[in-house]
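Take a look at the structure below.
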Amino acid sequence: QVQVVESGGGLVQPGGSLRLSCAASGSILSIGAMGWYRQAPGKQRELVAGITRGGSTRYADSVKGRFTISRDNSKNTVYLQMISLKPEETAVYYCNAEVKVTRWAPWDNYWGQGTQVTVSS
């Protein structure tokens with residue numbers, strides 16, 4: 001079994017900052033790409049930022065220059081530092097991890113339960 005758990009969400013004022021964390025645990029042989037997605041009410045889930053095991057990153061255009069994704073492979077953890085947050089970025093933020101549980105198993109995607117980020121004064 002593989003568990004993916006996010007933390008760090010909460011209420012922040014417009015222009016404020018938050019740091020999200022996501023840790024994967026369980027029967028893990030290797031973790032490939034990890035990413036953060038978000039889903040606002042009535043909208044589709046969208047990619048916010050992704051990072052490969054080697055550290056290559058990609059961002060949604062709307063967050064470039066304000067959000068930073070990073071990871072600690074020794075801890076199976078990915079982070080999302082968010083600054084200058086906007087009210088329209090209120091959403092549930094989800095973590096995704098590509099996981100291989102054995103040498104012969106395919107890469108599978110695992111999702112966390114999500115953490116609420118509310119940007120409001």
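The values are calculated or read from the model by the stated rules, or taken from the named source; none is laboratory data. Here the structure is a predicted model, which is why all the values come from computation and not from measurement. Methodologically, a virtual Cβ is constructed for each residue, glycine included, from the backbone with ideal geometry; neighbour enumeration extends over all protein chains shown. Surface areas here come from the heavy atoms of the whole protein model, side chains and all, with no ligands, DNA or RNA. Shrake-Rupley method; radii C 1.70, N 1.55, O 1.52, S 1.80 Å.
A few remarks follow.
- Pair list, Cβ under 8 Å, 6 or more apart: region 53-65 residue modelled with pLDDT of 95 or more, other residue open to solvent by 80 Å² or more (accessible area, probe 1.4 Å) and among the aliphatic types (A, V, I, L, M): none
- Scanning region 80-92 for residues that are open to solvent by less than 20 Å² (accessible area, probe 1.4 Å) and in a loop (DSSP other than H, G, I, E, B) turns up just one, 85.
- The one condition in (1) in contact with a Ser or Thr (Cβ under 9 Å, 6 or more places away or on another chain); (2) open to solvent by 40 Å² or more (accessible area, probe 1.4 Å) that residue 66 fails to fulfil: (2)
Residues are listed down the side, and each one gets a yes or a no for (1) in contact (Cβ under 8 Å) with a residue 40 or more places away in the chain; (2) open to solvent by less than 60 Å² (accessible area, probe 1.4 Å); (3) part of a strand (DSSP E or B); (4) of a type in the set (Val, Ile, Thr):
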site: 48; (1), (2), (3), (4): yes, yes, yes, yes
site: 71; (1), (2), (3), (4): no, yes, yes, no
site: 74; (1), (2), (3), (4): no, no, no, no
site: 78; (1), (2), (3), (4): yes, yes, yes, yes
site: 94; (1), (2), (3), (4): yes, yes, yes, no
site: 103; (1), (2), (3), (4): yes, no, no, no
site: 109; (1), (2), (3), (4): no, no, yes, no
site: 113; (1), (2), (3), (4): yes, no, no, no
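- Leading residue by the ranking (most open to solvent (accessible area, probe 1.4 Å)) among those in region 1-24 that are in contact (Cβ under 8 Å) with a residue 60 or more places away in the chain, of a type outside the set (D, E, K, R) and touching a Cys at 6+ places or on another chain (Cβ under 9 Å): 5
- Filter result for residue 98 (at pLDDT 95 or above, open to solvent by 60 Å² or more (accessible area, probe 1.4 Å) and assigned to a helix (DSSP H, G or I)): no
- Test result for residue 53, assigned to a loop (DSSP other than H, G, I, E, B) and either of a type in the set (Lys, Arg) or over 22 Å from residue 102 (Cβ atoms) (or both): yes
- Among (1) surrounded by 12 or more Cβ atoms within 10 Å (Cβ to Cβ); (2) among the small types (Gly, Ala, Ser); (3) in contact (Cβ under 8 Å) with a residue 24 or more places away in the chain - the single one residue 27 does not satisfy: (1)
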